[in-house]
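Here the structure is laid out as structure tokens; the discussion comes afterwards.
The values are calculated or read from the model by the stated rules, or taken from the named source; none is laboratory data. Keep in mind it's a predicted model, so treat the numbers as computed, not measured. A quick note on method: Cβ atoms are made from the backbone with ideal geometry, for glycine too, and the neighbour counts reach across all protein chains shown.
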Amino acid sequence: MSMTLTLAVLLPFLGAAGVAWGSRLGRPTAILLALLVVLMPAILILSLLDPLVAGETHLEHFAWLPAAGLNIAFRLDGLGLLFAGLILGIGALVILYARYYLAAEDNLGRLYAYLLLFMGAMLGVVLSENLIQMLMFWELTSLSSFLLIGYWRQREDARTGARMALAVTGAGGLALLGGILLLGRMTGSYDLSIVLASGDLIRAHPLYVPTLLLILLGIFTKSAQFPFHFWLPHAMAAPTPVSSYLHSATMVKAGVFLLARLFPALAGTWEWNHLVAGFGMLTLITGAVIALFQHDLKGLLAYSTISHLGLITVLFGIGTPLAAVAGIFHIINHATFKAGLFMAAGIIDHETGTRDMRRINGLWRAMPYTGTLAMVAASAMAGVPLFNGFLSKEMFFGEAVGVANAMALGWLLPVAATLAGAFAVAYSLRFVHDVFFNGEPVDLPRHPHEPPRWMRVPVEILVVICLLVGMLPALTVEPILHLAVSAVLQGPPPVHDLAIWHGFSPAVLMSILAMSGGVIIYSVRKPIYGWWDTQGGRVDFRRAYERLLQGLLTLAGRVTLWLDQGSMPRLLRLFVAVALILGLAGWWGSGSPLTGPLTLLPLDAVSLSTGLALVLAAIATLVWHRQRFTALILVGAVGLMVALVFAKFSAPDLALTQLSVEVVTVILLLLALFFLPQTTPEDPPSPRRWGDAVLAVLAGLGMSILTWAILTRPYESIAGFFLERSVPGGGGRNVVNVILVDFRGFDTLGEITVLALAGLAIFALLDKLRLSGQRVAGPATAWHWDRHPLIVASLVRLLLPLALLVAVFILMRGHNLPGGGFIAGLITAIALIMLYLANGVAWTHARLPDKTHPVIGAGLLLATLTGLASLLFGHPFLTSTFGHVHWPLVGEFEVASAMLFDLGVWLVVVGSTLLILIHLGLMSDASRDGLAPGTPVRGSGAGRSAGDSPPGPGC
Amino acid sequence: MLLLAPLLIPLVTALLTAVLPAHPRLRRGLSLAGVLLLLGAALALLVAVGPAGRLSVALGDWPLPFAIQFVADGLSAALVLVAALLGLTVLLYQFATEPANREAPGLQPLVQGLLAAVVAVFLAADLFNLYVWFELLLMATLGLLLLGGRPWQAEAALKYFALSMLGTLLMLAAVGLIYGASGQLNFGALAVASQAPGVAPGLTLFVVMLLLAVLLKAGAFPLFAWLPASYHTLSPPLLALVGGLLTKVAIYVMLRLSGQVFSATPAFLYEALGWLAMLTLVTGVLGAAYHWDLRRILAFHIVSQIGYLLLGIALATPAGAAGTAFFLIHNILVKANLFLLAGLIWLSAGHPDLRRIGGLYLARPWLALLFLLNAFSLVGVPPSSGFWGKFLLVQEAFAQQRFLWGGLALGVGLLTLYSMSKIWLEGFWKPHPDPTRLAGSQPQGDGGPRLAYAAVTFSTLLVLALGLYPQPLIDWLQQATAGYWAGFGPA
């Protein structure tokens, strides 16, 4: 398996890193390394020349992502060879040139590294066989050109220009990806060999038009076609070597390369002809006209580049084989003369310190040699006979005339071509005349003279090529043109004759018209400039782009701020509304009835009264919600009603749990309430509140309906298994507890971890927090003057052992009778909290640790270890075992390993609950100060002490 | 045991680090050891499961479907490994940027608790058990948000908690309702029950509620507000951990539930999900374009990326599932990297607001390179991991004739590119408005800057490898998700 091409493409990437590193050793090393990196791929590609000339296409395949139809695949055919030649050849010249162009303080190594990166990406584009892989390199050219354009990063215009180029070409790249994906769907492959052979299939496919549009979007943005051309002039903020590389032979040529590449697959339809030729024509004219009015040397060249790219696009749009020949030919010619011109402009800029043509005049005296070179290249640009630009332009005129009869509105094309030709002559004339003649220089920052010898060499080479091709086309350019065109057309090229003189034809007439027209336009330039300046960029697509971007950002701001205004109620409203909508949609979509087939039980007094009490308590909470203390008590009542419901439906465990949770919760909230205002500020009545009420009622109704739907359906579940297996399998008669610690002990392990983490999190929050309660409170909140009444304190101390005993009892019997670790833990916590409440923090603190981390840890550890122990016996995690022991006096007693687990639960519940409660209490200054228990608060009456010496929340 | 080790290791580590609050260095050592062990366990699990294999354990040795079941398949094993890798990176970064004695004692246990919850969600095959781990996830995140106890943190934590808790409650209600309607909690049994003729239509409504709760957790439109409201108060390493994992875990659950458990869900739900995905994509990226604070930009990108993930689920095909899975792994890593890099940018330039920083290109070239690589990956520049994720998803969208979805997914990439280039231009290329602040600041932790950079570099290399050679992972995930939307396999 040959991997010559693969290596050739990858070498510049590796080389980029190498050069970036090697440039530390000085500029000569950097340039040598960089040239070496260019040379190696060139040698590799040349080694494949023989079979290519014989007409074979060289392919290399490696499996990469076969599942997605993606291989690393490279291909070398005539088109690829031509472009690789341009990329490497002009690349080498640019590297040489940049060495002299770049100021000493600029980092040459980095520029080379970016250039080589870009070069590798370009090589990848033109040598890829796989289209997705081509796209990858395509995107890499966008990115590396971003880095190149923004090379002078400290300059604002460089940053904007870089970003604009990236945005436009990046958008095109995405469209192109879409187009390629569609191509892949049509042909079943991303390989060019297959895609190029399936032209008929593609053109007949219903997705042809969208595919074409997407791909053209990619091409037009890259090749700066109207109306996407605006990024290119802004890319002129790049150092001139970069411009001369990107805008002559590479970057922008990637677009027209793809036009040529996909020509056999896409061309030949009405849509192709009109879109490609149409936009090409617009670009051709726009670029040519605007170029004349640029006062910036590089600006002129930039718009001229746009115009020439339009010319090439038109040629491919015309779609005849001869037009394709002309297109390829013009690609070569434009690359050579434009690279030369950019370099010349760079020399002038470098020597004079400015690029403004209103100031640079009469340089002929200072730089005759550079002037000569520039004149030759400019003549080629203008299409003057004997220079290479003339030949391809002449062919273009010929093709344009051919179209005039073939297409509707076809007569427009020759007219446009001639007009653009005239403007091309005019701006070329301006480039030469304004800069080298036209009076004296105006206020130049530097005194100009000829540049160093080696800075001129690249320009000389390019100019010589322009001349040779222009005079001896058949000898010089014909072989490579032949190869490239065969690749584009996927067949033998048409008969063409690269001669300077073909005899009289409409094309010659057009050339003459363009020449003379150009001279006339230039001679009346002054009034035209004036007219242009008054127009002041009426059609400015950059402004459109900026407005688009600005609009998008405004939209972004609006949407973002609308969605999140930082208001919690709004977010909650949104959530409930979405839940309602989705719920409705889900019900509607499923088409299932809401009431199940079960018959309802008869209504009994207990259920009815509990239910009514529940509803009343809930409504009362709503009514008195502004009195927070009252509301809290009422919420507690709701909880108690729920406990009653549980009891009614024979779930004593749930009732017990609910009861103890309710107690702990209310205490907790009471503690928290101490630090908060005692009443909720009143909301003014507003339509929104009514909306909220409706929403809340609907949500409650929805939940009730769902519950109804479940309760009226027959209930067949895994619960039966638990009931059956509880005693024989779990060793306990209390099924709820066996489920908690055995059947689904794993859930419980998770839940106690949650509880433990909640304890830790709240501890983390409260540990450093100091609040004095009441500071925000009104006078009604000094809860009581006697904070630790003696009787309560004594009673609680007496009760404590009893309460703990109850807790242990509930823990122990849990496996068989209502109870268990969770309930026992809560009871223990309540008992200990009583101690705090009755005796105060200072007193309790001296006797109990306030950090219960070890308790929590021990509990979790115990639960986990119980689970792990079963592994020792070869059973899965948390497998339980049980046995019976005879306990003297008590009798037969059942011991299950799950009870150890339950003990762990107990410890975690005690530890976490206490941790939270104690630290809520400790948060207050009063508790911290360790006031002696029973110290009466000054003023001894409710209300008068507010703000002076706040008491703790009952601690 | 192999199956439970990835859960038990962080759980026990959380425990140990919580009980030893007085020894910061010991705590860190334990935590690191825990993560390394987790990594080893995750690797062992991955090897044992293989791409198309399946390991299952019934807890307590009870018969299925009555016991709680843990299942590892190719996808969950891969995700466990990713979580472990992320844990390691984040921990090292944390060591490097904060001195041990200034670290909040709750941090390590909460981090480990979060890891435990994430791993457990990946492995649980029981609806209620899944809910339990979601609760743990919520609690651990809440704890991390509260660490430090500053007022703005409390505000962020409150917003997170209130909204996220609503989602959790809704999830609990949905689990209860589904249990009531089907009588099952085990995934396999639910998959069978949900296709039973009598149960299936009644179940749809409850599944919708469950999915809504998961959508909230995932940060989907229009329920994502909790995410940008809270994330930016976390310190960079914690932000990377939370931002990398939290929403992605919900996506994983969504994928598993819709693809394997409730695969009979009617098509209109997927249609709705697809459009939600599009809205999420667009609103997320618009939010990112609007903001200037690095952390907020990245937080909104999380939302936007969730859109891609939802798109893959909405396509409801094995290929869509594989695409989602690949995107998921890519996104966890890249997102975390970017948050860590944002932390380094902040440290180096003195502020997280792009308008007030600059000049990092010259001052921190390595940081620039790392940022560029990860940013490219987030944007989806080929050949980065993000490109493959998008490629797989868009390709499948086109194959399903969802041209608009696919097109939008591509187009949004442009806005992502815009906001990444904003960070690059403002943070790296633009000269720093106050160069004195650029001078010496470097991470101040125990390991020093090198450790922080090493951690991010390591993680970036993973992303890079995923981009340059995605075949093994894609292959693996395609095998792992081959059975999606085709019913749950035999237990």
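Screening residue A:573 against (1) more than 9 Å from chain B (Cβ to nearest Cβ); (2) farther than 20 Å from residue B:219 by Cβ; (3) modelled with pLDDT of 80 or more leaves a single unmet condition, (2).
Scanning segment B:9-58 for residues that are closer than 26 Å to residue A:744 by Cα, surrounded by 19 or more Cβ atoms within 10 Å (Cβ to Cβ) and within 12 Å of chain A (Cβ to nearest Cβ) yields a total of 11. Taken together, the residues in segment B:362-382 that are more than 13 Å from residue B:338 (Cα to Cα) and either modelled with pLDDT of 90 or more or surrounded by 24 or more Cβ atoms within 10 Å (Cβ to Cβ) (or both) amount to 2.
Can you find a residue that is small (Gly, Ala, Ser) and part of a helix (DSSP H, G or I) anywhere in segment B:120-138?
Here is the first cut: in segment B:120-138, the residues small (Gly, Ala, Ser) are B:120, B:124-125.
Cutting the leftovers down to part of a helix (DSSP H, G or I) gives us B:120.
Yes; the residues of segment B:120-138 include at least one that is small (Gly, Ala, Ser) and part of a helix (DSSP H, G or I).
Across segment A:745-755, what is the total count of residues that are surrounded by 24 or more Cβ atoms within 10 Å (Cβ to Cβ) and at the interface with chain B (Cβ under 7 Å from one of its Cβ atoms)? Before the answer, list the steps.
Initially, segment A:745-755 is screened for residues surrounded by 24 or more Cβ atoms within 10 Å (Cβ to Cβ), giving A:745-746, A:748-750, A:752-753, A:755.
From the residues that got through so far, the ones that are at the interface with chain B (Cβ under 7 Å from one of its Cβ atoms) too are A:745-746, A:750, A:753.
Final tally of qualifying residues: 4.
With respect to residue A:647, determine if the residue is free of Cβ contacts under 8 Å to residues at least 24 places away in the same chain and not assigned by TED's automatic domain parsing to the domain that holds residue A:828. Answer is yes for this residue. Within segment A:552-568, can one find any residue that is surrounded by fewer than 12 Cβ atoms within 10 Å (Cβ to Cβ), within 14 Å of chain B (Cβ to nearest Cβ) and at pLDDT 85 or above? There is at least one residue in segment A:552-568 that is surrounded by fewer than 12 Cβ atoms within 10 Å (Cβ to Cβ), within 14 Å of chain B (Cβ to nearest Cβ) and at pLDDT 85 or above. Scanning segment B:378-396 for residues that are farther than 15 Å from residue B:281 by Cα, at the interface with another protein chain (Cβ under 9 Å from one of its Cβ atoms) and either among the acidic types (Asp, Glu) or part of a helix (DSSP H, G or I) (or both) yields B:387, B:388, B:391, B:392, B:395.
Looking at segment B:312-323 only, could you name the residues that are out of contact with any Ser or Thr (no Cβ under 8 Å at 6 or more places or on another chain) and in a helix (DSSP H, G or I)? Spell out how you get there, then give the answer.
Let us first name the residues in segment B:312-323 that are out of contact with any Ser or Thr (no Cβ under 8 Å at 6 or more places or on another chain), namely B:314-315, B:317, B:319-320, B:323.
Passing the criteria: B:314, B:315, B:319, B:320, B:323.
Take the residues of segment B:121-168 that are within 17 Å of the chain's Cα centre (by Cα) and of a type in the set (Val, Ile, Thr): which is nearest to residue B:242 (Cα to Cα)? Looking at the filtered set, the residue picked out is B:141. Taken over segment B:108-143, the residue count meeting the criterion of being facing another protein chain (nearest Cβ under 8 Å) and among the β-branched types (Val, Ile, Thr) is 1. The single condition from (1) facing chain A (nearest Cβ under 9 Å); (2) assigned to a helix (DSSP H, G or I); (3) of a type in the set (Val, Ile, Thr) that residue B:89 fails is (1). All conditions but one from (1) over 26 Å from residue B:205 (Cα atoms); (2) under 16 Å from the mean Cα position of the chain (by Cα) apply to residue B:74; the one that does not is (2). Within segment B:75-101, the set of residues being farther than 21 Å from residue B:484 by Cβ, of a type in the set (S, T, N, Q) and crowded, with 24+ Cβ neighbours inside 10 Å comprises B:89, B:94, B:97.
Name the residues in segment A:668-700 that are of a type in the set (Phe, Trp, Tyr) and surrounded by fewer than 16 Cβ atoms within 10 Å (Cβ to Cβ), would you? Across segment A:668-700, the qualifying residue is only A:690. Within segment B:217-232, the set of residues being part of a helix (DSSP H, G or I) and within 13 Å of chain A (Cβ to nearest Cβ) comprises B:217, B:226, B:227, B:228, B:229, B:230, B:231, B:232. Among helices (runs of 4 or more DSSP H) entirely within segment A:261-333, having at least 1 residues that are under 17 Å from residue A:234 (Cα atoms) singles out A:270-292, A:297-318.
Flag: residue B:285 matches the condition of being at the interface with another protein chain (Cβ under 9 Å from one of its Cβ atoms), closer than 30 Å to residue B:345 by Cα and more than 17 Å from the chain's Cα centre (by Cα). Checking A:760, A:771, A:795 one by one, the residue that is in the same structural domain as residue A:834 (by TED's automatic domain parsing), within 21 Å of residue A:836 (Cα to Cα) and modelled with pLDDT of 85 or more is A:795 and no other.
Please go through segment B:176-192 and pick out each residue that is surrounded by 22 or more Cβ atoms within 10 Å (Cβ to Cβ) and either of a type outside the set (S, T, N, Q) or in contact (Cβ under 8 Å) with a residue 40 or more places away in the chain (or both).
B:177, B:178, B:181, B:184, B:185, B:186, B:187, B:188, B:189, B:190
If you take the residues of segment A:48-80 that are of a type in the set (Asp, Glu) and in a loop (DSSP other than H, G, I, E, B), which of them is farthest from residue A:487 (Cα to Cα)? Only one residue tops the list, namely A:56.
Checking A:593, A:597 one by one, the residue that is exposed (fewer than 11 other Cβ atoms within 10 Å of the Cβ) and either at pLDDT 80 or above or over 29 Å from the mean Cα position of the chain (by Cα) (or both) is A:597 and no other.
Is it the case that some residue within segment B:332-339 is modelled with pLDDT of 90 or more, among the charged types (D, E, K, R) and assigned to a helix (DSSP H, G or I)? Let's see the steps before the verdict.
First pass over segment B:332-339, keeping only residues modelled with pLDDT of 90 or more: B:332-339.
Next cut, among the charged types (D, E, K, R) only: B:335.
Then keep just the ones that are assigned to a helix (DSSP H, G or I); that gives B:335.
Checking segment B:332-339: at least one residue is modelled with pLDDT of 90 or more, among the charged types (D, E, K, R) and assigned to a helix (DSSP H, G or I).
Residue A:666: within 30 Å of residue A:923 (Cα to Cα), β-branched (Val, Ile, Thr) and touching a residue at least 12 places away in the same chain (Cβ under 8 Å), yes or no? Taking the combined requirement at face value, the residue satisfies it.
Conditions tested, residue by residue: (1) under 30 Å from residue B:202 (Cα atoms); (2) within 14 Å of chain B (Cβ to nearest Cβ); (3) among the small types (Gly, Ala, Ser).
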site	(1), (2), (3)
A:581	yes, yes, no
A:587	yes, yes, no
A:590	yes, yes, yes
A:617	no, no, yes
A:628	no, no, no
A:634	no, no, no
A:638	no, no, no
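The numbered conditions (1) within 27 Å of residue B:477 (Cα to Cα); (2) β-branched (Val, Ile, Thr); (3) over 19 Å from the mean Cα position of the chain (by Cα) are all true for residue B:97 except (1).
Here the helices (runs of 4 or more DSSP H) wholly within segment A:154-226 that include at least 3 residues being within 14 Å of chain B (Cβ to nearest Cβ) and surrounded by 22 or more Cβ atoms within 10 Å (Cβ to Cβ) are A:156-187, A:208-222.
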